[in-house]
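Data first, discussion second: the structure below is written as structure tokens.
The values are calculated or read from the model by the stated rules, or taken from the named source; none is laboratory data. None of the values given here were measured: they were computed from a predicted structure. Cβ: placed from backbone, ideal geometry, glycine included. Neighbour counts: every protein chain shown.
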Amino acid sequence: MATNTADDQGFESALKETELGSFLSDNKGLIITLVIGVLIGVLSYGAYVSMGEKSEKNAANAYYLYEKSTLDNFKKGTLSATELVGKFEAVGKEFASKNAIFTSSLMTFDALFEKKNYKEAQTILSTLSAKNNYQTFLLSLRKAAVLEETGEVDGAIAELELIKATGLKVMEGKVYLDLGRLQLKKGQKDLAKKSFEMVGKVKAQAIFKSLAQYYLQQM
């Protein structure tokens, strides 16, 4: 009996944390793994200019120093969100076209998002573009999260649809679950139902399948 109660509490806790923002915050390890994956993806797609080029090396070094000093100071609370964005943009003025900006932008966004600096987080991604499907996944996942937090549900749905369009078999259950939630917020019950049903058809973690079934039962 006690086991059932614990399971129920775990499910309720998971239900409360289905929002994209909570997922990003609670799955940093997975996201870091995916950031590594995006680098592999970039190489696979031939998007990287040889890292042997001097300009690319300089950019990588500049962003590394930024992450180890400025970004760390923000995380420690000794730098404001506005100051962080300013310093990030200062590095970007010189190296905006370089490949190192992508992962550094994601790391900066995550730090701002975790502290609920949503406006500044959006600024970081505003000029960033994806060069391949892996980057689309990582970028759109974050855009959808911050758009949901700021009440821009249509925009969040659009970003998740972009992820679907890549055809990547990465976290499909989570993507469809979030689509269903957001579609419900818009009163699009038929679309939400289809999204929740898809969670059961794709490869997904058991908790996502259970949450999708829960939503279906409530409809």
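Looking at segment 170-187, which of the residues that are small (Gly, Ala, Ser) and crowded, with 19+ Cβ neighbours inside 10 Å is farthest from TYR134 (Cα to Cα)?
Restricting to residues being small (Gly, Ala, Ser) and crowded, with 19+ Cβ neighbours inside 10 Å, the top hit is GLY180.
Buried (at least 23 other Cβ atoms within 10 Å of the Cβ), among the charged types (D, E, K, R) and in a helix (DSSP H, G or I) - does that describe any residue in segment 197-208?
no
Just the residues that are modelled with pLDDT of 90 or more and more than 21 Å from LYS116 (Cα to Cα), please, taken from segment 70-100.
Residues satisfying the conditions are ALA90, VAL91.
Does ALA165 meet the test of being out of contact with any strand residue (DSSP E or B) (no Cβ under 8 Å at 6 or more places or on another chain), of a type outside the set (Lys, Arg) and closer than 30 Å to LEU65 by Cα?
No.
Within segment 170-194, count every residue that is assigned to a loop (DSSP other than H, G, I, E, B) and more than 15 Å from the chain's Cα centre (by Cα).
Let us first name the residues in segment 170-194 that are assigned to a loop (DSSP other than H, G, I, E, B), namely 170-171, 186-188.
From what's left, more than 15 Å from the chain's Cα centre (by Cα): 186-188.
The qualifying residues number 3.
If you go through segment 154-168 one residue at a time, do you hit one that is in contact with a Lys or Arg (Cβ under 6 Å, 6 or more places away or on another chain), crowded, with 22+ Cβ neighbours inside 10 Å and free of Cβ contacts under 8 Å to residues at least 40 places away in the same chain?
Yes; the residues of segment 154-168 include at least one that is in contact with a Lys or Arg (Cβ under 6 Å, 6 or more places away or on another chain), crowded, with 22+ Cβ neighbours inside 10 Å and free of Cβ contacts under 8 Å to residues at least 40 places away in the same chain.
Return yes or no: is TYR118 surrounded by 19 or more Cβ atoms within 10 Å (Cβ to Cβ) and among the aromatic types (Phe, Trp, Tyr)?
Details: surrounded by 19 or more Cβ atoms within 10 Å (Cβ to Cβ): no; among the aromatic types (Phe, Trp, Tyr): yes.
Spelling it out, it is not the case that TYR118 is surrounded by 19 or more Cβ atoms within 10 Å (Cβ to Cβ) and among the aromatic types (Phe, Trp, Tyr).
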